[in-house]
1. Every residue in segment 36-80 that is under 16 Å from ILE157 (Cα atoms), under 16 Å from the mean Cα position of the chain (by Cα) and surrounded by fewer than 16 Cβ atoms within 10 Å (Cβ to Cβ), please.
2. For segment 134-160, what are the residues that are within 15 Å of the chain's Cα centre (by Cα) and of a type in the set (Gly, Ala, Ser)?
3. Have a look at LYS88, LYS125, LYS107 and point out the one that is under 23 Å from LEU40 (Cβ atoms) and either more than 15 Å from the chain's Cα centre (by Cα) or modelled with pLDDT of 95 or more (or both).
4. For segment 102-123, name all the residues that are loosely packed, with under 15 Cβ neighbours inside 10 Å and either over 18 Å from PRO166 (Cα atoms) or out of contact with any helix residue (DSSP H, G or I) (no Cβ under 8 Å at 6 or more places or on another chain) (or both).
5. Can you find a residue in segment 149-165 that is modelled with pLDDT of 90 or more, assigned to a strand (DSSP E or B), among the basic types (Lys, Arg) and closer than 15 Å to VAL41 by Cβ?
Amino acid sequence: MFEKLTWTCGLFVIFSSCFTKTERVSNREISADQRKIQMLVDSFKRLAYQASTLTTKDSIRLSYATKFYDLLSNISIDSIRVHVDSVKIVDSTISTQFHCGTEIVFKSSLTFPAQMTPKYDSLFKFMKGLRPGLDTLVSFGYMGNHQVRLPSSDDPILKIFAYPVPIWIGNN
């Protein structure tokens, strides 16, 4: 009886430490920038759901559009865990779309010149190599534009126009 109890307690300790470790690892995998964006989305959702009229909701949406601009313009959007939705290549133009959960989408379309600096050539090759369906960690270069939508089941709340940058290059 004592051996069974010891064995059961031992398995419980092992399994619970595995789950705790997994939880800690997943929290570390989310970058500070991703956390900031998600916190602002969550705050926006809370206020939008509390508002009773469409006019009030739209006023909140406009206020948060400014808050998102201030945030996105002042962070590097570094190391974001995303799912690659699409990569379209037409001549020297690459259009991409990613999502981060159901609420945040990143979109871009970049046309590369025929003669590229090594940095742009590296970015071009990176973007060409992205594969739809892949979950990956990338940084983003904010293109100065985004859209904020009221929460619904059909559309993401935040669409950020930003191009993907491999995390080893950075956003400089």
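1. Matches in segment 36-80: LYS36, MET39, ASP42, TYR69.
2. Within segment 134-160, SER139, GLY141 qualify.
3. LYS107
4. Once the filter is applied, which keeps residues that are loosely packed, with under 15 Cβ neighbours inside 10 Å and either over 18 Å from PRO166 (Cα atoms) or out of contact with any helix residue (DSSP H, G or I) (no Cβ under 8 Å at 6 or more places or on another chain) (or both), segment 102-123 yields THR102, SER109, THR111, PRO113, ALA114, GLN115, THR117, PRO118, LYS119, TYR120, ASP121.
5. Among the residues of segment 149-165, at least one is modelled with pLDDT of 90 or more, assigned to a strand (DSSP E or B), among the basic types (Lys, Arg) and closer than 15 Å to VAL41 by Cβ, which makes the answer yes.
The values are calculated or read from the model by the stated rules, or taken from the named source; none is laboratory data. Note that the structure is a prediction, hence the values are computed from the model and not measured. Reconstructed Cβ throughout: ideal geometry from the backbone, glycine too, with neighbour counts over all protein chains shown.
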